[in-house]
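Notes follow once the structure below has been shown.
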Amino acid sequence: MRVRRAAWFCILLLLIGMASAVPLLPAEFRGSVIIDGSPAPAGTVITARIDGRDCGSLTLESAGVYGGDATFDKRLLVCGRDDDAGKTIAFFVDGARAAGTAVYTPGTSVRLDLAVTSGAGFSADVTAGPAPLTVRFTDESTGDPKLWSWTFGDGGTSAEQNPVHTYGVPGTYTVNLTVDNSATLSRPGYITVTAPKGDFNGNGEVDIGDVSKVAYMVVGKEPADLAADFNQNGKVDIGDAAKIAYFFVEKIEAL
């Protein structure tokens with residue numbers, strides 16, 4: 001009797017293990033696809049992503065339609081991981097983010113119409129900081145543009161898709177991006193560059209004038225400014241004067 005119970009127990013554990021190993025069913029999607037108000041052409045690729053990860057794609061066989069309503073039509077299958085249920089699915093049309101999202105629900109079949117509008121768009125990895133400030137810009141334009149024209153507000157320009165630009169002087173800068181010589185996005189005051197630490201005369205760099213000013217603070221010829229307390233002991237002393245002098249001469253240690 002004990003052997004028989006043990007056998008049944010082992011079989012039960014095996015069945016439980018097999019059940020837990022069953023992958024989630026895909027979610028199916030179908031609908032219309034519009035680009036700039038017109039049906040997307042055949043050959044357009046629709047991609048689904050969860051958390052930035054590609055989870056399914058489908059190439060349009062007919063203009064303006066992906067998937068189909070008939071039982072055996074080929075649809076966009078989104079295959080997620082075990083922990084993806086309930087997460088948002090983003091859809092991309094030839095790489096451009098489409099309006100319309102869905103929640104990943106395994107085993108469902110959903111009609112979802114997608115639309116993409118061409119236009120300029122961009123983001124930056126940092127928008128504020130002390131000079132010199134290096135900013136990496138990322139093109140987020142829709143409509144698959146081929147030409148990019150950037151102005152960074154300080155006289156700098158670029159024709160790269162994803163440029164890197166360094167701002168050397170404190171100030172607030174407007175960034176503009178024009179794609180394909182048509183659509184333009186302007187972000188007024190998008191980048192804010194502050195004076196570097198130790199720049200007391202506000203010229204965008206640590207120079208001999210700043211070294212002298214800290215020395216005058218130490219001997220009492222200038223009011224003490226705790227921004228010059230580089231060694232963080234609560235006062236401006238000879239150690240701070242030495243530190244800014246070493247930084248100016250050697251540039252070997254950050255203030």
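Does Ala224 count as of a type outside the set (Lys, Arg), at pLDDT below 90 and assigned to a helix (DSSP H, G or I)? It is false that Ala224 is of a type outside the set (Lys, Arg), at pLDDT below 90 and assigned to a helix (DSSP H, G or I). The set of residues from the range 186-207 being touching a strand residue (DSSP E or B) at 6+ places or on another chain (Cβ under 6 Å), at negative phi and surrounded by fewer than 16 Cβ atoms within 10 Å (Cβ to Cβ) comprises Ser186, Pro188, Thr192, Thr194.
All told, Phe230 falls short of being assigned to a loop (DSSP other than H, G, I, E, B), modelled with pLDDT under 90, under 28 Å from Thr174 (Cα atoms) and outside the structural domain of Val164 (by TED's automatic domain parsing).
Scanning the range 86-101 for residues that are exposed (fewer than 14 other Cβ atoms within 10 Å of the Cβ) and aliphatic (A, V, I, L, M) turns up just one, Ala99. Contact map, the range 94-122: residues that are of a type in the set (Asp, Glu) paired with residues that are surrounded by fewer than 17 Cβ atoms within 10 Å (Cβ to Cβ), Cβ distance under 6 Å, separation 6+ or inter-chain. Pairs shown: Asp94/Val45; Asp94/Asp144; Asp113/Ser32. Here is the figure for the range 208-228: residues that are more than 20 Å from Val249 (Cβ to Cβ) and surrounded by 18 or more Cβ atoms within 10 Å (Cβ to Cβ) total 0.
Of everything in the range 130-144 that's of a type in the set (Val, Ile, Thr) and closer than 17 Å to Gly168 by Cβ, which residue is surrounded by the fewest Cβ atoms within 10 Å (Cβ to Cβ)? Among residues in the range 130-144 that are of a type in the set (Val, Ile, Thr) and closer than 17 Å to Gly168 by Cβ, the one surrounded by the fewest Cβ atoms within 10 Å (Cβ to Cβ) is Thr134.
None of Leu114, Leu147 is exposed (fewer than 15 other Cβ atoms within 10 Å of the Cβ), more than 30 Å from Asn203 (Cα to Cα) and among the aliphatic types (A, V, I, L, M) except Leu147.
Of a type in the set (Phe, Trp, Tyr), more than 30 Å from Gly143 (Cα to Cα) and in a loop (DSSP other than H, G, I, E, B) - does that describe any residue in the range 194-205? Scanning the range 194-205, I find at least one residue that is of a type in the set (Phe, Trp, Tyr), more than 30 Å from Gly143 (Cα to Cα) and in a loop (DSSP other than H, G, I, E, B), so the answer is yes. In the range 45-62, which residues are assigned to a loop (DSSP other than H, G, I, E, B) and at positive phi? Correct list: Asp51, Gly52. Ala42 satisfies every condition listed in (1) small (Gly, Ala, Ser); (2) outside any loop (DSSP other than H, G, I, E, B); (3) at pLDDT 50 or above except (2). Ser182 meets each of the listed conditions (1) without any contact (Cβ under 8 Å) to a residue 12 or more places away in the chain; (2) buried (at least 18 other Cβ atoms within 10 Å of the Cβ); (3) of a type outside the set (A, V, I, L, M, F, W, C) apart from (2). Each residue in the range 182-199 was checked for being at pLDDT 85 or above and not hydroxyl-bearing (Ser, Thr, Tyr), and 6 of them qualify.
The values are calculated or read from the model by the stated rules, or taken from the named source; none is laboratory data. These numbers come from a predicted model, not from an experiment. Because the Cβ atoms are built from the backbone with ideal geometry, glycine has one as well, and the counts that use them run over all protein chains shown.
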